[in-house]
Structures are given as C-alpha cells and as structure tokens.
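The values are calculated or read from the model by the stated rules, or taken from the named source; none is laboratory data. For clarity, every value in this text was computed on a predicted model and none was experimentally measured. Cβ placement follows ideal geometry from the backbone for every residue including glycine, while neighbour counts extend to all protein chains displayed. For accessibility, only protein heavy atoms count, side chains too; no ligands or nucleic acids. Shrake-Rupley method; radii C 1.70, N 1.55, O 1.52, S 1.80 Å.
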Amino acid sequence: MDVEIDHYNVLGLPSGEEGAKLSDQEITKGYRSKARELHPDKRPDDPQANANFVKLQTSYEVLKDEKARKLFDDLLRVKREKLVRQGQHDSKRRKMMSDLEERERSAFAVDPTARAREEEERISRQLKAEIARIRAMRTNKTAAGTTPFKQETTRGEKESTDCGSNGLDKEKVLKVSWEKIGGDYTAKMLKEIFEEFGDVEDVVIKSSKKKGSALVVMASKDSAVSATGNMLGNISNPLLVLPLQPAPSPVVFSHEKKNESDGPKLGNLVGAGYQAFEDSVLDKLKKAAEKQK
C-alpha cells in the first residue's frame, strides 16, 4: 500500500485533525456512498473502474482497523507538523534573506549627508561655468560694440587734434584749401605739387561739395615754410596754403610803430599775395640799412 495515499480523501471524507475525530459509522457511511459511485457495474466503459474500486476498499479497511487508523492519523500529524516547521523555516529564511538584503542595501546606500554634499558641489560647478559663460559673452559684446569716445570740438580744435594726438610736429603740417570751380584735387595731385618743396609724408583730403581742403604733412619744417604762400596748383583754381601752426617769428626792434597796413598777414597769403609781402619786407630792410649808414 502506498503510504502517500490519504485514505480519508479516497472515501470522500475530511482529512487531518477533523478526519481523526470521525466515528466508525461516519467512515462506513462515507465508504458506502463512494462505493455506489465507483462500482464497476456502473462504469463499464472505465478501464480503471476495478482498480479504483479496490483502492476504495483498501482505504476503508485501513480506517476500519483501529491500529492501522491510529498509525495513519499519526503519519498525517507528522506530515502536518513537518509542513508547519517547513513553513516556519521558510518564513524565517525569507525574513533572514530580507534582513540580509536590507543590510546590503544599507551598506551600499549613499549617506544622505554625503549625497547632499555631492549635489551641492555639482550645482556649484555648474553655476561657476554659467557665470564664466556670461562674463565671456559680456566681454565679447563689449569688444564688438565699443566705439572710440568722440568729443565735440570746433573745427580748428579738431584739426589740431588730428595732427597732434600722434605726436606729429604741427609746424610741418600745411592747411590747403580750394574752391571747386576749376576742377578738383586728389591726394596724389597734391603730393606731386608739394614735392617741389621737399618730401611729402602724407596727404589727407577733407572736402565738401563746394569747397575742398586737405592737410599736407611735409618731411621737414623748412619744406613747409618754403611751400607756404606760394602760387600752387591750377591757375584757374589756386590753392590757399597756410601753416597749421606757424613757426615763431624773430622779434624785430624798430623805432617806428608797427602799422597793420604795412603788409598782409601771413594767414591771409594766397597765390601772388605772397610776392607783395616779400616786396614789403625787402623795402623795410633797405630803409634800415640806409639809416645805419
């Protein structure tokens, strides 16, 4: 007989502790009910009918025998206790595994303080990078959009600044102007004209629609003085040549009171007017020589 068979279940009765409390009459009643159901005469087409009926009879005989039934009840009890112990063991094992996993998670878990510190450092690094980017953008915008400071000046002050800001000797610079009535002048033409008096370092054209002007930078002061007051350019459109800063003239002591009408001012010389000024100077020198005799 197979000890794994539950004889109570074979008879259709409850098993376990409840089955152990059944009376002999209840066992017999259960057997008869099951025998009517499993009798081979009622199952002619079932090839297992005889085997199942024999099994039913065997289970009934075990449960009807007092000693065999007690052993069977003890076997069922031991199995139940085994299952309980196994369940408890499994429960303890599951708890141990759960505790072990929890300890492992705790061991490998990041400390909240350390995590907060790392987060703070990460955000600080990102903020520093953003600040550096913003400063670089501001620097680029400043470099691209900055324009030299322009100070409002008068025309004379502006011309003086243009020539003196770079350490240029203004006594070598000539102011040249002309009327645009007989043709215009280019920087190349002006350079060729003034090279008759010496080397020319630079020519800067400043002209408008009706009047032309330029700054001519001579290589030496003597060249600038030589070019001042001479008839230059086209006769139909002469050039007015004046020093940007006249050289200091020597003081001449004379008993005669200086007469403003004796000769034209240097600032008003243009073209043939310089010849009248030269004749006036020569006449004064002759008179001074005769008085000394």
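Things to note:
- Residues (open to solvent by 40 Å² or more (accessible area, probe 1.4 Å), under 14 Å from L174 (Cβ atoms) and at pLDDT below 80) located in region 219-239: N230
- Scanning region 122-144 for residues that are open to solvent by less than 90 Å² (accessible area, probe 1.4 Å) and of a type in the set (D, E, K, R) yields R122, E130.
- The combined condition, being surrounded by 11 or more Cβ atoms within 10 Å (Cβ to Cβ), part of a helix (DSSP H, G or I), among the hydroxyl-bearing types (S, T, Y) and in contact with a Lys or Arg (Cβ under 8 Å, 6 or more places away or on another chain), is fulfilled by T28.
- Matching entry among R85, R103, R117, R77 (being assigned to a helix (DSSP H, G or I), open to solvent by 100 Å² or more (accessible area, probe 1.4 Å) and within 18 Å of E17 (Cβ to Cβ)): R85
- Among the residues of this structure, K206 counts as one that is at pLDDT below 80 and assigned to a strand (DSSP E or B).
- Residues of region 54-74 that turn out to be open to solvent by 100 Å² or more (accessible area, probe 1.4 Å) and within 13 Å of G19 (Cβ to Cβ), as a count: 1
- Residue, farthest from L174 (Cα to Cα), within region 196-218, restricted to residues that are more than 51 Å from the chain's Cα centre (by Cα) and surrounded by fewer than 15 Cβ atoms within 10 Å (Cβ to Cβ): K210
- Residue match in region 43-53 (condition: of a type outside the set (D, E, K, R), in a helix (DSSP H, G or I), in contact with a helix residue (DSSP H, G or I) (Cβ under 8 Å, 6 or more places away or on another chain) and open to solvent by 40 Å² or more (accessible area, probe 1.4 Å)): yes
- Members of region 186-195 that are in a helix (DSSP H, G or I) and either crowded, with 20+ Cβ neighbours inside 10 Å or more than 52 Å from the chain's Cα centre (by Cα) (or both): M189, L190, K191, E192, I193, F194
- Among the conditions (1) modelled with pLDDT of 80 or more; (2) within 60 Å of the chain's Cα centre (by Cα), P246 misses just one, which is (1).
- Selection from region 71-129 of residues that are of a type in the set (F, W, Y) and either in contact with an Asp or Glu (Cβ under 7 Å, 6 or more places away or on another chain) or at pLDDT 85 or above (or both): F72
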